[in-house]
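The values are calculated or read from the model by the stated rules, or taken from the named source; none is laboratory data. None of these values were measured; they are calculated from a predicted model. Please note: Cβ atoms are built from the backbone with ideal geometry, for glycine as well, and neighbour counts cover all protein chains shown. These area figures cover heavy atoms from the full protein model, side chains too; ligands, DNA and RNA do not enter into them. Shrake-Rupley method; radii C 1.70, N 1.55, O 1.52, S 1.80 Å.
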Amino acid sequence: MQVSVEATGTLGRRMTVQVPADGIDLEVESRLKSLSRTARVSGFRPGKVPLKVVQQRYGRQVHLEVAGDVMSRTLQEALSQQNLRPAGEPKLEPRTVEMGHALEYVAVFEVYPEFEPASLSGAVIEKPVATISDGDVDNMLAKLRQQRANWEPIERAAQAVIR
């Protein structure tokens, strides 16, 4: 796998990844073999479809599916190999996705900025002090009682409450 990275701005990166055709072709062939066991094609019994017929009918679709899987897998490998931390989901742009050729794609993304934390050795931090009086506590308790009051129906006449 060949990886090249170019900076498109202060945080933007454009990474070109090229994956050899060997691994892709093997994966396509194994998926086509497993598909030939389950494919239903008119004129053939289920599971008895020749590999050539399956390849003619489903080869391109399976190749594109494998290419998508390989792109997502190799993207993570390339990012860790280049020590890059993308800030979002990379935008993948396939360049060559032809059978028998190496898979090449471009990933465009932004990375997190690198910075050094400022030194706090000479900084003075003031801790705010809050004073709470008995009146503040009484007011808060009265508010909480009023908020948490439960209304229950009674079977007597209404009475005036004197406080």
Criterion first (open to solvent by less than 30 Å² (accessible area, probe 1.4 Å), part of a helix (DSSP H, G or I) and in contact (Cβ under 8 Å) with a residue 24 or more places away in the chain) does Val17 satisfy it?
no
Note on the stretch 73-86: residues of a type in the set (Gly, Ala, Ser) and surrounded by fewer than 11 Cβ atoms within 10 Å (Cβ to Cβ) are Ser80
Of the residues Leu64, Leu103, only one is surrounded by 10 or more Cβ atoms within 10 Å (Cβ to Cβ), among the hydrophobic types (A, V, I, L, M, F, W, C) and over 30 Å from Ser42 (Cα atoms); which?
Leu103
Go through the stretch 46-58 and give me each residue that's modelled with pLDDT of 85 or more and either in a loop (DSSP other than H, G, I, E, B) or aromatic (Phe, Trp, Tyr) (or both).
Pro50, Tyr58
Give the residue, chosen from Glu98, Glu116, that is closer than 30 Å to Leu26 by Cβ and either open to solvent by 100 Å² or more (accessible area, probe 1.4 Å) or at pLDDT below 90 (or both).
Glu98
Residues located in the stretch 68-106, provided they are free of Cβ contacts under 8 Å to residues at least 24 places away in the same chain, among the acidic types (Asp, Glu) and either in contact with a Cys (Cβ under 9 Å, 6 or more places away or on another chain) or assigned to a strand (DSSP E or B) (or both):
Glu93
Check whether at least one residue in the stretch 57-71 is among the β-branched types (Val, Ile, Thr) and closer than 13 Å to Gln18 by Cα, and report yes or no.
yes
Restricting attention to the stretch 33-44, does a residue exist that is open to solvent by 30 Å² or more (accessible area, probe 1.4 Å), within 25 Å of Glu98 (Cα to Cα) and modelled with pLDDT of 90 or more?
no
